[in-house]
Amino acid sequence: MPSLIDIRRRVRAVKSTQQITKAMKMVAASKLRRAQERVVGARPYAQQMLRVLNSLAARVDPEAHPLLRESEGRPGAPPLLVVISADKGLCGSFNTNVTKQAALFVQDTPDRQVAMALVGRKGRDFFLRRRVDVRYEVVNLFQHVKLAHAQEIARTATEAFTEGRVGSVYLLYNEFKSAMSQKVVLERLLPIPRLSVENGGLIGPQVDYLYEPSAEEILTSVVPRHVEIQVYRALLESAAAEHAARMTAMDAATRNAQEMVDKLTLYMNKVRQAAITREIIEVVSGAQAL
């Protein structure tokens, strides 16, 4: 049976851990509010840009831009998977879900030939320990997610696709649903997917417009911007989902610590009561012996 000193020392250690997890929960909650505002503001813009892009693409030659061509990638070229994870841990299964989905993507790919672009320290550390074809990696960008970060990632993916070094580009990230829920999403970035009725496309007859300058010129400027915005939205989604996952995990850790403190306190009281009872019995027994 442990001594009272050992139990008190363990209670103090658990309470110290509880203070840390509670503080981390509060910090994550404050960051989540700002991150949620950014991602909610970015979603309509990204969706509307895809609608505008599809409206333009329907009025020009499908081969008008290399990022719209289904056959642009070199035959036999591997797909490029952009894996967006977190730079830090202590956020539950946030990083594990992404890496598991990435591993399934590799398994389902013919010959398991997949090129990877790793965004985030946890994903990078996971795949660098495995023999994968890493084309690009970046860490420590989730402290302050900026459009410049998305532009760099989009430029790398676009160049690899147009040069034929990869046949397609996919984004894998955690989508923010709510403070309690995040969903791992795998979506194709290049070639740019066409909207349909099933995936949110426009319904009914489409109105034709007059474009100034021409639709081809507008398409040339809109397509690269669209790729950047989609990557930027994915980064914002992942950042908000990370804060939500960390807040939930730290809240659970704080409650578990409190339960452990209660159990240890009860056990400590039992040990102390047993020691007092034993001393009383010894005193009574000694008095009776006299």
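Taken together, the values in this text are just the output of simple stated rules run on the coordinates, not laboratory data. Quick caveat: nothing in here was measured; it's all calculated off a predicted structure. Because the Cβ atoms are built from the backbone with ideal geometry, glycine has one as well, and the counts that use them run over all protein chains shown.
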Original post:
How big is the charge dipole of the chain about its Cα centre, in debye rounded to the nearest 20, if each Lys and Arg gets +1 on its Cβ and each Asp and Glu gets -1 on its Cβ?
Top reply: 1780 debye
**OP:** Please tell me which of these pairs span more than 29 angstrom C-alpha to C-alpha: K88/K270; K25/K100; K15/K177; K31/K263?
**Re:** K88/K270; K15/K177; K31/K263
Original post:
If the chain between Q258 and D111 were fully stretched, how many nm would it gain, using 0.36 nm times the residue separation less the Cα-Cα distance?
Top reply: 47.9 nm
Original post:
P(r) for the range 31-245: what percent of alpha-carbon pairs falls in each 10 Å bin, starting at zero?
Top reply: 8, 33, 35, 19, 4, 0
Subject >> Within the chain, helix-based [θ] at 222 nm, where runs of 4 or more DSSP H residues each add -39,500 (n - 2.57), nearest 500 >> reply: -21000 deg cm²/dmol
**OP:** Could you check the simple spin-label distance between S214 and D6, using points 7 Å along Cα→Cβ, in nm with one decimal?
**Re:** 8.4 nm
Original post:
Which percentage, to the nearest 5, of the DSSP beta bridges contained in the chain is antiparallel?
Top reply: 40 percent
Original post:
Within the chain, which DSSP H helices have Cα atoms that stretch 15 Å or more along the helix axis and a mean Kyte-Doolittle hydropathy of at least 1.6?
Top reply: none
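With an 8 Å cut-off on Cα pairs and a minimum separation of 6 or more residues, tell me the relative contact order of the chain in percent. Let's see the in-between values first.
Details: 391 pairs, mean separation 90.4, N = 290.
Answer for the chain is 31 percent.
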